[in-house]
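The values are calculated or read from the model by the stated rules, or taken from the named source; none is laboratory data. These figures come from a predicted structure and were not determined experimentally. Every residue, glycine as well, gets a Cβ built from its backbone with ideal geometry; the counts of neighbours run over all protein chains shown.
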2 protein chains.
Amino acid sequence: MRYSQLFGRTSKESKQYDSKNATLLTKAGFIDQTMAGVYKYLPLGLRVLTKIENIVRTHMDEIGQELLMTALAPKELWEKTGRLGIDVLMETRGANDASRKQNDASYILNPTHEDNITPLVAQFVQSYRELPVALYQIQNKFRNEARPKSGLLRGREFRMKDLYSFHVSKDDLMSYYEVAKQAYVRTFEALGIGDKTVIALASGGDFTENFSHEFQTFCEAGEDLLFYDEKTEVYYNREVTPSQAPAVSYPDNEMKERAEVLGEGIIGVLELAEFLQIPVEQTTKTMLFVADEQPVAVAVRGGYEVDEGKLKKVLGTRTLRMATDAEVEAIGSKVGYVGILDLPEHVRVIIDESCDNRLNFECGANRENYHTVNVNWGRDIQKPEQFYDIKVAQEGDINPATKKPYPVHKAAEVGNIFPLETKFSDAFGFTYTDESGASQKVYMGSYGIGTTRLVGVIAEVCNDERGLVWPKQIAPFQVHLVTISKGEDEAYKVSENIYGELSEQGIEVLWDDRIDVRAGEQFADADLIGNPVRIVVSQKTLEQKSVELKLRSSEDTEMVALEDLVDQIKTLI
Amino acid sequence: MRYSQLFGRTSKESKQYDSKNATLLTKAGFIDQTMAGVYKYLPLGLRVLTKIENIVRTHMDEIGQELLMTALAPKELWEKTGRLGIDVLMETRGANDASRKQNDASYILNPTHEDNITPLVAQFVQSYRELPVALYQIQNKFRNEARPKSGLLRGREFRMKDLYSFHVSKDDLMSYYEVAKQAYVRTFEALGIGDKTVIALASGGDFTENFSHEFQTFCEAGEDLLFYDEKTEVYYNREVTPSQAPAVSYPDNEMKERAEVLGEGIIGVLELAEFLQIPVEQTTKTMLFVADEQPVAVAVRGGYEVDEGKLKKVLGTRTLRMATDAEVEAIGSKVGYVGILDLPEHVRVIIDESCDNRLNFECGANRENYHTVNVNWGRDIQKPEQFYDIKVAQEGDINPATKKPYPVHKAAEVGNIFPLETKFSDAFGFTYTDESGASQKVYMGSYGIGTTRLVGVIAEVCNDERGLVWPKQIAPFQVHLVTISKGEDEAYKVSENIYGELSEQGIEVLWDDRIDVRAGEQFADADLIGNPVRIVVSQKTLEQKSVELKLRSSEDTEMVALEDLVDQIKTLI
């Protein structure tokens, strides 16, 4: 491709977008924002996306068959799985009266396809002989995100590879799950980010001891925080990290007099700590949940959040929700002022270990506008027989296994694999007949890779102060050929020959054939775009019958004789 | 691919879908209907779709650059082009309260992308030096069709290749337009339907003398009717066919007495003809339009429809719409009973040539429930100075150039090219600066090929009573290998070798390795699926150290020696 002909060239605008990836990719002419969370792929960007999707496809073809489902789905499918209330779900309908008169139905715009593929597979699979089945697609998805603000990392419209597998048993699911995990490892290696990508344990959902696994690429812009267990060499997603709060230190050990303090309308722990003139660690966040219709008061130290996944596991209940205002009042308390003191006996109390080992701490007074201060275990409230770990881990938390703070890493999720087990097959009554003729549950897994997100993540992690530095596997072009010339001179003609010869050899060349811009601008554009190999042809290099060759990832340049150029490039790409 | 492993095998169900293509493709395991007008592509179907899209892509790469726009668009874009009222437009929004609370905006789901690409190109193009630009994408589109009923030929969700070109002048547009037309011709040839596909003239829109061009594939299920002008060898879409109604013959030539007949509530011409006991050709359909705010009465012979495109050209007005009930009453008439008799002088009257040469015809009495019969030119109403051709052509119509009835062909549109000129660049104020520094209008063309529609059209035209007969360029597999075997016998082992060897040579083989079905069923499935070359390996063929080879498109079989097989197949694919 001649750069002078390319649509979507680099832009001198210094507009900053919501993220480094959007800013860099826009400036370099790879993408264009349609609106928040919705991006067009210009020719350069589409080349990268297509290469990523083809690498993903190659690896998925080894473990499944490709099909293509639809963006639209009838509402009944989402009704059956009880997921019509999901907060990112979008629907469609006619955009005007004339359109609605033609067809007044509304449809779901799928954010994921479990609800679609399960009944499809059920249609074709009746017997154990037809299992396992593994199917994938690469397709647009839609999510009504509140405030998408990470460029390509989180979009309202995005592309994903999603694979689903169906099995006769949990064992068969889990052995395929390992196969898929290894295919994922190979995929991220092939994409050139294997060294920056780790597998993190994440929640497997409510009623399984299984973890799901996230493939996380270390990345400052990432929305996730990973906790590394140095003992087992395992990364944890913050929701499942076994965590211990750092101890609070006290200058003296004296219990002070317990008191109720009026703090009108003060609810948040930070505001309260400031009002009471105590460290936030001395406050207590107590929340009332309802688990299987029984009230449960849950407390964590101020500064922490309750992790509902951990809490559900501790409770072992089927359902969990926040209590309503009326339910809070029914236990004699008031929303915003719930505390663990003097609760009715039928209220179960679950207290996080971060609340242990404190002196003179605060907790809600179960009375509007009042806070109890200088509460002490033993004196004011019986110390619970057991403290739990029900908090979302945060930076600084102690690894209970090493007794040292976790090393933490910011990361962006690029893939996940999930043992769904029978969640969706149950919803659709999808069973199979086993060898004995008995009806059995179908086990299912799902496996995602966000392909447009990968463009963004790789842009986030593969760049320097001058621009993008693409891994060679997915760079838009393999070679960036810069001609320094003011017209149809020798440098231009030699470049034309090099361009033709490399193209003939199947090497992808972006030829900066512009004769009306300064060399400095050409170099800056080459760096901004980030193709892996740069060749410069000028009158000066030709005096030595050579061209200059430089890798984008290195500062070194070397002169290469014209006759050696093709061979040398082949060793580099 | 081993057929025993393929997801989406042939189905013995005889369910009839809304069209031959949907029935055949579903039965053969290529597609699965999600709901009316929305189809999933199973592995076989996706292979065909991907091959079609790759062929289209190869040809479009010769004339433009690929990018990828978005399915979602902000409403403002469609507002700017005045197209928010289009009757197939769909919009999205949050599907539930939680989702709408996160983001309450609604977006357009694009049915086409002129409204999106024009502002994109305007962003990058300021000068004549940056033109022309030609960009295309292959992407999902959404249309809120009233009752999609032609399988893949008309969908609510479908895929299209759409290319848009931008030019400094109408001349430059039209010369690119010819280039695009030739690229389309080559594309349909490469897809294997060149011999069944013709270019038809269609309307170019309101204010141009230009035609647009449709690529139409002859097809019984097609929604279009083409009229062939034997003199100029041109095909016309029915809306632009110069047409002359066949003459009406009269046994005697006597004028009868004009009368007003009460026919309460009788409005349609067929019902009226039956009521009056006259041929439908003797009735007159008169409609009141408003063109540039002036009333126009328009009449065609019973049995014809008014073509608004032709009418607009005759009137030369900017706007045209049907009159409201009040406007009909304002000229002293009544909706359903409008006639051309005794209209106020300010009403312009346009009469189709089909109304000429009639005796004793009927027309509305401009009075509720009344019809005037035995109307005659000259006696009852002045014969107009000029009759026009303002009707939609229909089968049996005379070609004015040859004076003979047109040969007509049913066809399905597989592509179209359209000289949009400045319609969209005007809407977005997209201009460029010419060599003299003056601001000039940008000229634009659009060029579509429906890729999922092509799957359906090719299925409609490439089949026989036993199933699909794919052109070799787009067949899901090149070779269908049938092994007749009850287990791991010689036939099975030889087949395994053939499968391996052909696959290694890059030949795509679907190997029917099933050992638990009858040979008859295997042959029936091979015919239903329609891969171009069938090889049968059985104990019997191996006795001759041979296999049986048959083309799907032929009844002949031949025996091919095992050692010649690969070479022979290479000549066939």
Tabulated pairs, segment A:373-398, first more than 19 Å from A:VAL280 (Cβ to Cβ), second aromatic (Phe, Trp, Tyr), C-beta under 7 angstrom, 6+ apart or interchain: A:LYS383/A:TRP377
The one condition in (1) part of a helix (DSSP H, G or I); (2) within 13 Å of the chain's Cα centre (by Cα); (3) of a type in the set (Gly, Ala, Ser) that A:SER175 fails to fulfil: (2)
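Every residue, every condition in (1) buried (at least 19 other Cβ atoms within 10 Å of the Cβ); (2) touching a residue at least 12 places away in the same chain (Cβ under 8 Å), yes or no:
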| position | (1), (2) |
| --- | --- |
| B:TYR177 | yes, yes |
| B:ALA180 | yes, yes |
| B:ALA190 | no, yes |
| B:SER212 | yes, yes |
| B:GLU233 | no, no |
| B:THR241 | yes, yes |
| B:GLU271 | no, no |
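When the residues of segment B:138-151 are filtered to those that are in contact with a strand residue (DSSP E or B) (Cβ under 6 Å, 6 or more places away or on another chain) and buried (at least 23 other Cβ atoms within 10 Å of the Cβ), which remaining residue is nearest to the other protein chains (Cβ to nearest Cβ)? Show your work before the answer.
Pass one, segment B:138-151, residues in contact with a strand residue (DSSP E or B) (Cβ under 6 Å, 6 or more places away or on another chain): B:138, B:140-142, B:144.
Narrowing further to those that are buried (at least 23 other Cβ atoms within 10 Å of the Cβ): B:142, B:144.
Working: B:PHE142: 7, B:ASN144: 5 Å.
Only one residue fits best here, namely B:ASN144.
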Matching residues in segment B:82-115 - criterion: being closer than 22 Å to B:THR451 by Cβ, at the interface with another protein chain (Cβ under 7 Å from one of its Cβ atoms) and in contact with a helix residue (DSSP H, G or I) (Cβ under 6 Å, 6 or more places away or on another chain): B:LEU89, B:ILE108
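Looking only at segment A:215-246, how many residues end up being within 16 Å of the chain's Cα centre (by Cα) and of a type in the set (Val, Ile, Thr)? Spell out the reasoning first.
Of segment A:215-246, the ones within 16 Å of the chain's Cα centre (by Cα) are A:215-227, A:235-240.
With the extra rule that they be of a type in the set (Val, Ile, Thr), the set shrinks to A:217, A:240.
Total meeting the criteria: 2.
Which is among the hydroxyl-bearing types (Ser, Thr, Tyr) and modelled with pLDDT of 95 or more, of A:TYR250, A:TYR236? So that I can check it myself, show each step before the final result.
Details: A:TYR250 fails: modelled with pLDDT of 95 or more.
Just one listed residue meets the conditions, A:TYR236.
Residues that are on the phi > 0 side of the Ramachandran plot and not in a strand (DSSP E or B): does segment A:317-328 have at least one?
Start the filter on segment A:317-328 by keeping residues that are on the phi > 0 side of the Ramachandran plot, which leaves none.
No, because not a single residue in segment A:317-328 is on the phi > 0 side of the Ramachandran plot and not in a strand (DSSP E or B).
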Among residues of segment B:7-22, those that are at pLDDT 95 or above and either within 13 Å of chain A (Cβ to nearest Cβ) or over 20 Å from the mean Cα position of the chain (by Cα) (or both), counted: 1
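Those residues that are of a type in the set (D, E, K, R), farther than 20 Å from A:LEU46 by Cβ and not in a strand (DSSP E or B), I need them from segment A:155-172; list them, please.
The initial filter retains those residues of segment A:155-172 that are of a type in the set (D, E, K, R), namely A:156-157, A:159, A:161-162, A:170-172.
Retained after the next criterion (residues that are farther than 20 Å from A:LEU46 by Cβ): A:162, A:170-172.
A:LYS170, A:ASP171, A:ASP172 - these are the residues of segment A:155-172 that are of a type in the set (D, E, K, R), farther than 20 Å from A:LEU46 by Cβ and not in a strand (DSSP E or B).
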Residue among B:LEU25, B:LEU77 that alone is more than 7 Å from chain A (Cβ to nearest Cβ), within 21 Å of A:PRO74 (Cβ to Cβ) and either crowded, with 20+ Cβ neighbours inside 10 Å or among the aromatic types (Phe, Trp, Tyr) (or both): B:LEU25
Given (1) assigned to a helix (DSSP H, G or I); (2) closer than 23 Å to A:LEU201 by Cα; (3) in contact with a Lys or Arg (Cβ under 7 Å, 6 or more places away or on another chain), number of the condition A:GLY309 does not satisfy: (3)
Members of segment B:54-67 that are more than 7 Å from chain A (Cβ to nearest Cβ) and buried (at least 20 other Cβ atoms within 10 Å of the Cβ): B:ILE55, B:VAL56, B:HIS59, B:MET60, B:GLY64
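When residues of segment A:297-307 are filtered for being among the acidic types (Asp, Glu) and either more than 11 Å from A:GLU239 (Cβ to Cβ) or surrounded by fewer than 19 Cβ atoms within 10 Å (Cβ to Cβ) (or both), how many remain? Quick ask: steps written out before the conclusion?
Narrowing segment A:297-307 to residues among the acidic types (Asp, Glu): A:305, A:307.
Checking which are either more than 11 Å from A:GLU239 (Cβ to Cβ) or surrounded by fewer than 19 Cβ atoms within 10 Å (Cβ to Cβ) (or both) leaves us with A:305.
Adding up the residues that qualify gives 1.
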Condition check for A:GLU91: buried (at least 19 other Cβ atoms within 10 Å of the Cβ), farther than 30 Å from B:GLU66 by Cβ and acidic (Asp, Glu): yes
Meets criteria (free of Cβ contacts under 8 Å to residues at least 24 places away in the same chain, within 7 Å of another protein chain (Cβ to nearest Cβ) and either surrounded by 21 or more Cβ atoms within 10 Å (Cβ to Cβ) or acidic (Asp, Glu) (or both)) for B:THR70: no
Subset of segment A:116-128 [in a helix (DSSP H, G or I), more than 9 Å from chain B (Cβ to nearest Cβ) and over 14 Å from A:ALA427 (Cβ atoms)]: A:TYR128
